[in-house]
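In what follows, a structure is listed as structure tokens, so that the remarks can point back to it.
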Amino acid sequence: FYERRVPPKYAPLFARRRDGARSDRERLVKLKYVRRRFAPASPAPHELLEKGLELPSVYDAPEPWPSDDEEDIPPQDTRLSDQQAASATGGGMSPGGAGS
């Protein structure tokens with residue numbers, strides 16, 4: 001269901017999902033389950049079962065997105081390291097230590 005239609009540009013992301021970087025796996029999880037990027041617009045199977053409804057024998061293919069034909073550029077990691085965050089806030093601790 002969640003991989004009903006995967007555009008070719010995401011094939012490399014799927015291929016390295018087991019051995020890839022953590023950031024690639026996180027990105028795949030968000031695309032697949034949070035944004036439901038590759039799934040039909042219909043309710044997920046578990047949602048149908050929760051409502052006591054039968055599962056369809058075939059799910060419709062999801063609508064293509066305009067970006068399907070664009071190059072896949074992973075988002076840049078904008079999080080700061082602990083050291084960068086400390087220097088951005090003026091060093092973090094006061095001269096007397098924590099809580100002085």
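All of ARG5, ARG37, ARG17 fail the test of being in a loop (DSSP other than H, G, I, E, B), modelled with pLDDT under 85 and surrounded by 10 or more Cβ atoms within 10 Å (Cβ to Cβ), apart from ARG17.
Looking at (1) outside any loop (DSSP other than H, G, I, E, B); (2) open to solvent by less than 60 Å² (accessible area, probe 1.4 Å); (3) modelled with pLDDT of 60 or more, which is the only condition ALA85 fails? All conditions pass for ALA85, except number (3).
Among the listed residues LEU55, LEU28, LEU80, which satisfies the condition of being modelled with pLDDT of 85 or more and over 11 Å from the mean Cα position of the chain (by Cα)?
LEU55
The values are calculated or read from the model by the stated rules, or taken from the named source; none is laboratory data. Keep in mind it's a predicted model, so treat the numbers as computed, not measured. Note that we place each Cβ from the backbone using ideal geometry, even for glycine, and neighbour counts take in every protein chain shown. With ligands, DNA and RNA removed, areas are computed over all heavy atoms of the protein, side chains included. Shrake-Rupley method; radii C 1.70, N 1.55, O 1.52, S 1.80 Å.
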